[in-house]
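The values are calculated or read from the model by the stated rules, or taken from the named source; none is laboratory data. What you see is a predicted model; the values in this text were computed from it and never measured. Cβ sites come from the backbone with ideal geometry, for glycine too, and all protein chains shown count toward neighbours.
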Amino acid sequence: MAVSHHHKPINRLLAALTSETYQKLVPYLQSVELPQHKILYHAGESYDYAYFPSHAIVSTVAIMENGSTTEIGVIGNEGMVGLPIILNTTYTNSTAIVQVGGTGVRIAAYRLQEEMEHNRELKQALMSYVQARIIQLGQTAACNRYHTIEQRFARWMLMVRDSIGKDEFKLTQEFISQMLGVRRAGVTTVASKFQEQGIIHYVRGSITITDPEKLKTSACECYKLIANEFDRLLRSPYYE
């Protein structure tokens with residue numbers, strides 16, 4: 001489905017572009033459904049489209065030879081799935097999986113690259129986004145190495161909340177454990193503790209954050225650092 005010229009985009013990265021630049025993209029944008037667990041691309045595959053989530057969240061994950069997974073990054077309505085397109089390459093060692101189903105828009109890879117070649121503002125904006133994502137990737141790697149499961153669980157819940165703008169979302173503990181690269185028993189223990197403390201409510205694959213402030217207290221500093229970087233990006237003079 002084509003995107004209307006008259007509707008302001010929900011995706012914050014697109015919404016932060018100047019109206020002139022965004023309107024040049026509109027003819028090539030297509031509304032899409034992003035169902036939970038859908039794989040947008042596998043490691044080693046070429047990128048046919050760039051995706052801009054609206055009410056969905058996509059995780060980029062590394063998959064080991066034994067089948068275990070670890071999340072590298074989270075992309076919600078603040079960003080775009082498909083960094084190799086911006087960097088004009090076709091290879092990645094990660095897989096992109098929709099973790100919270102919803103909607104978004106997509107644009108053909110070659111179209112986005114053509115627009116970047118002819119629009120300096122768009123190119124600068126997307127390269128700034130690449131910088132923010134690199135910071136997120138590096139901080140996530142450090143977080144996975146040095147912080148507790150409890151801190152990482154809290155950070156991850158907050159990032160999901162920020163990315164879709166809702167306190168309730170459907171996620172199983174099994175899927176969370178895969179994204180965090182930990183045993184399911186560890187996630188179950190943390191989820192039970194947070195529920196007892198009134199921070200979250202969990203039932204049948206649905207999680208509700210009931211006390212965001214307590215959840216922020218439980219999270220490591222990585223959450224604030226990553227959030228601040230994307231806030232800085234979206235206040236960039238490129239978008240003013």
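Some notes on this structure:
- Close pairs from region 15-33: first farther than 14 Å from residue 122 by Cβ and assigned by TED's automatic domain parsing to the domain that holds residue 114, partner of a type in the set (A, V, I, L, M) and part of a helix (DSSP H, G or I), Cβ under 8 Å, at least 6 apart: none
- Of the residues in region 182-203, not one is modelled with pLDDT under 90, among the small types (Gly, Ala, Ser), on the phi > 0 side of the Ramachandran plot and out of contact with any Cys (no Cβ under 6 Å at 6 or more places or on another chain).
- Residue selected from region 165-208 under the condition among the β-branched types (Val, Ile, Thr) and surrounded by fewer than 20 Cβ atoms within 10 Å (Cβ to Cβ), by the criterion nearest to residue 63 (Cα to Cα): 182
- You will find that of 31, 54, 46, the residue that is in contact with a Ser or Thr (Cβ under 6 Å, 6 or more places away or on another chain) and at pLDDT 90 or above is 54 and no other.
- Boolean, residue 65 is surrounded by fewer than 18 Cβ atoms within 10 Å (Cβ to Cβ), modelled with pLDDT of 90 or more and either farther than 24 Å from residue 217 by Cβ or within 16 Å of the chain's Cα centre (by Cα) (or both): no
- Picking from residues in region 224-240 that are in a helix (DSSP H, G or I) and closer than 21 Å to residue 19 by Cβ, the one that is modelled with the highest pLDDT is 233.
- Here residue 105 passes the criteria (1) surrounded by 22 or more Cβ atoms within 10 Å (Cβ to Cβ); (2) over 20 Å from residue 7 (Cβ atoms) except the one numbered (2).
- Taken together, the criteria exclude residue 51 from residues that are of a type in the set (Phe, Trp, Tyr) and touching a residue at least 60 places away in the same chain (Cβ under 8 Å).
- Number of positions in region 44-80 that are closer than 19 Å to residue 126 by Cβ and either part of a loop (DSSP other than H, G, I, E, B) or assigned by TED's automatic domain parsing to the domain that holds residue 176 (or both): 9
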